[in-house]
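A.B. asks: Before anything else, here's the structure in question.
The values are calculated or read from the model by the stated rules, or taken from the named source; none is laboratory data. Being a predicted model, the structure only gives us computed values, none of them experimental. Cβ atoms come from the backbone with ideal geometry, glycine included; neighbour counts cover every protein chain shown.
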Amino acid sequence: MIGYFDGASRGNPGEAGAGACIVDDGNVVWECAEYLGVRTNNEAEYTALLRLLAEARARGLDSLEIRGDSKLVVSQVKREWKINLPHLRALASEAWRLMDGMNVKLIWTPREKNKLADALSNRAIDEKP
């Protein structure tokens with residue numbers, strides 16, 4: 001199974017959305033499009049990853065490949081980049097907690113290969129409550 005995540009923010013900070021999905025053998029088995037209110041793009045990206053990880057845990061998945069187009073989030077969660085902002089450190093800590101005991105392979109992917117999660121994050125803003 002492969003999970004995809006993306007966050008969008010119109011204004012940075014601005015109206016934001018989180019999009020995530022799980023794909024199994026080419027079929028979307030779960031998707032999320034959540035309006036977040038006013039957030040930065042990085043906060044939206046992290047939130048999308050957290051929604052994906054929470055769903056994977058709820059489904060009892062012990063192994064998951066996760067792809068996202070945020071170099072910052074992927075690199076920080078993989079502990080390759082330093083996290084300077086305390087609120088992003090807290091979000092990364094939550095990701096690490098959710099990943100605990102799971103075999104997660106986190107991969108940066110170009111934006112053009114993350115279209116479904118991108119569409120979900122933008123749909124969340126377009127269809128806000």
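A.B. asks: Checking the conditions here, which among Asp24, Asp62 is modelled with pLDDT under 95 and surrounded by fewer than 21 Cβ atoms within 10 Å (Cβ to Cβ)?
C.D. replies: Exactly one of Asp24, Asp62 is modelled with pLDDT under 95 and surrounded by fewer than 21 Cβ atoms within 10 Å (Cβ to Cβ), namely Asp62.
A.B. asks: Specify the residue that is surrounded by the most Cβ atoms within 10 Å (Cβ to Cβ); the eligible residues are those in segment 36-50 that are in contact (Cβ under 8 Å) with a residue 24 or more places away in the chain and farther than 15 Å from Val74 by Cα.
C.D. replies: The selected residue is Arg39.
A.B. asks: Then there's this: Looking at Glu65, Glu31, Glu80, Glu43, which one is farther than 22 Å from Glu112 by Cβ and outside any helix (DSSP H, G or I)?
C.D. replies: Details: Glu65 fails: farther than 22 Å from Glu112 by Cβ; Glu31 fails: farther than 22 Å from Glu112 by Cβ; Glu43 fails: outside any helix (DSSP H, G or I).
Criteria check complete, one pass: Glu80.
A.B. asks: Can you name every residue in segment 85-109 that is assigned to a helix (DSSP H, G or I), in contact (Cβ under 8 Å) with a residue 12 or more places away in the chain and either exposed (fewer than 14 other Cβ atoms within 10 Å of the Cβ) or touching a Pro at 6+ places or on another chain (Cβ under 8 Å) (or both)?
C.D. replies: If the condition is that a residue be assigned to a helix (DSSP H, G or I), in contact (Cβ under 8 Å) with a residue 12 or more places away in the chain and either exposed (fewer than 14 other Cβ atoms within 10 Å of the Cβ) or touching a Pro at 6+ places or on another chain (Cβ under 8 Å) (or both), then His87, Trp96 are the ones that fit.
A.B. asks: Okay, next question. Just the residues that are in contact with a Leu (Cβ under 6 Å, 6 or more places away or on another chain) and surrounded by fewer than 21 Cβ atoms within 10 Å (Cβ to Cβ), please, taken from segment 66-81.
C.D. replies: Within segment 66-81, just Lys78 meets the criteria.
A.B. asks: Within segment 115-124, which residues are closer than 10 Å to Phe5 by Cα and touching a strand residue (DSSP E or B) at 6+ places or on another chain (Cβ under 6 Å)?
C.D. replies: Selection gives Leu116, Ala117, Asp118, Leu120, Ser121.
A.B. asks: Just to verify a result, which residue in segment 1-21, among those that are of a type outside the set (Gly, Ala, Ser) and touching a helix residue (DSSP H, G or I) at 6+ places or on another chain (Cβ under 7 Å), is surrounded by the fewest Cβ atoms within 10 Å (Cβ to Cβ)?
C.D. replies: Out of the qualifying residues, it is Asn12.
A.B. asks: Let me ask something additional. Six or more apart or on different chains, Cβ under 9 Å: which pairs go from a residue in segment 7-19 that's closer than 15 Å to Leu72 by Cβ and at pLDDT below 95 to one that's not in a strand (DSSP E or B) and not basic (Lys, Arg)? Could you list them?
C.D. replies: Asn12/Thr40; Asn12/Asn41; Asn12/Asn42
A.B. asks: Which of the residues belonging to segment 75-92 are under 18 Å from Thr40 (Cα atoms) and under 14 Å from the mean Cα position of the chain (by Cα)?
C.D. replies: The answer is Ser75, Gln76, Val77, Leu88, Leu91, Ala92.
A.B. asks: Checking Glu112 against (1) charged (D, E, K, R); (2) in contact (Cβ under 8 Å) with a residue 24 or more places away in the chain; (3) in a helix (DSSP H, G or I); (4) closer than 13 Å to Asp6 by Cα, only one condition comes out false. Which one?
C.D. replies: It is condition (2) that Glu112 fails.
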